[in-house]
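Heads up, the thing below is written out as structure tokens.
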Amino acid sequence: MKENKKMKTIKEIRVDVNKCNGCLSCEMSCSAAHAMPPYTSVNPARSRITVVIDESTDAYIPIRAGDYAEAECAGRNKYTIDGKEYESCLLCPASCPSRSRFTEPDSGLPLKCDMCESLDIGEPMCVQVCHPGALTYHEYQVEAEDSITPERGEKEIGLEYLVKRYGLEEVVKSVATMAKKSA
Ligand code: SF4
Ligand code: SF4
């Protein structure tokens with residue numbers, strides 16, 4: 001008898017760099033959708049997607065924010081695509097202490113793409129506004145591995161960062177003060 005395998009949904013944004021024209025609508029709309037409260041401001045520095053514009057190669061490359069890297073890499077990647085050489089770190093999606101990309105400008109907290117799951121908008125915002133079709137959304141099912149650990153969410157990553165920077169005691173005190181104020 002065939003065993004029933006557990007399935008999980010993979011959400012994917014495919015990027016066709018040849019269609020990207022550098023309009024930056026994705027950056028602006030992502031920052032607006034994730035503003036607090038939503039849609040009250042537009043600030044691409046708060047976007048979880050950035051369009052790398054490399055004038056030396058005439059390329060526009062959208063990159064979505066990935067995981068927070070605690071420390072700068074010991075080694076770096078340097079890509080050559082179609083004979084054009086890109087600066088090292090240029091295509092890396094990490095929020096990393098070596099640069100300001102994907103760091104919230106006011107709080108210094110790392111930013112990570114959440115596939116717009118925190119918003120009730122159907123397809124991700126950056127995909128909806130990308131009229132040239134450089135970003136397209138796809139969902140499909142794959143077999144779930146039993147041993148896979150759940151992905152850490154934005155809250156866990158943010159808290160871990162704050163604890164490392166200020167210490168657990170300070171973070172707990174601040175949360176307690178905030179809780180009193182909002183009670
Ligand atoms: S909205 Fe689309 S075409 Fe415009 S910069 Fe972003 S990825 Fe490129
Ligand atoms: S999927 Fe949503 S959170 Fe991620 S980059 Fe696009 S608009 Fe921003």
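Here, each number is a calculation from the coordinates, and none is a lab measurement. Small disclaimer: the values here were computed from a predicted structure and weren't measured. Here the Cβ is made from the backbone with ideal geometry for all residues, glycine too, and neighbour counts use every protein chain on show.
Order by neighbour count: C89, C116, fewest other Cβ atoms within 10 Å first, most last. Working shown, then result.
Working: C89 16, C116 22.
Listed from fewest to most nearby Cβ atoms, that is C89, C116.
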From a point 7 Å beyond the Cα of D120 in the direction of its Cβ, which residues of segment 7-42 have a backbone N at a distance under 19 Å? 33-40
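Quick check: net charge around N43, other residues with Cβ under 11 Å of its Cβ, Lys/Arg +1 and Asp/Glu -1?
Working: positive: R46; negative: E27, E104, D106.
Local charge sum for N43: -2.
Can you show me the helix-derived [θ] at 222 nm for the chain, built from DSSP H runs with n ≥ 4 at -39,500 (n - 2.57) apiece and divided by the number of residues, rounded to the nearest 500.
Numbers: 4 runs with 42 residues, N = 183.
Value at 222 nm, helices only: -7000 deg cm²/dmol.
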Looks like segment 7-142, by Cα gyration tensor root eigenvalues a ≥ b ≥ c and the a/c under 1.5 rounded cutoff (else prolate when a/b is bigger than b/c, oblate otherwise), is rounded
Net charge, A134 excluded, C-beta distance under 12 Å - Lys, Arg +1, Asp, Glu -1: +1
Fewest-first ranking of L162, L119, using other Cβ atoms within 10 Å as the exposure measure: L119, L162
Count, lysine Cα pairs under 17 Å in the chain, 8 or more residues apart or across chains: 5
Of the chain, which part is the longest with no chymotrypsin sites (Phe, Trp or Tyr not before Pro) in a loop (DSSP not H, G, I, E, B) and with at most 16 other C-beta atoms within 10 angstrom? 80-183
What Cys residues in the chain have no fellow cysteine's beta-carbon under 4.7 angstrom? C20, C23, C30, C73, C89, C92, C96, C113, C116, C130
If you rank I49, I63 by fewest surrounding Cβ atoms within 10 Å, what's the result? I63, I49
With the dipole of the chain worked out from charges on the C-beta (+1 for Lys and Arg, -1 for Asp and Glu) around the Cα centre, which of C92, S118, V163 lies farthest toward the positive end? V163
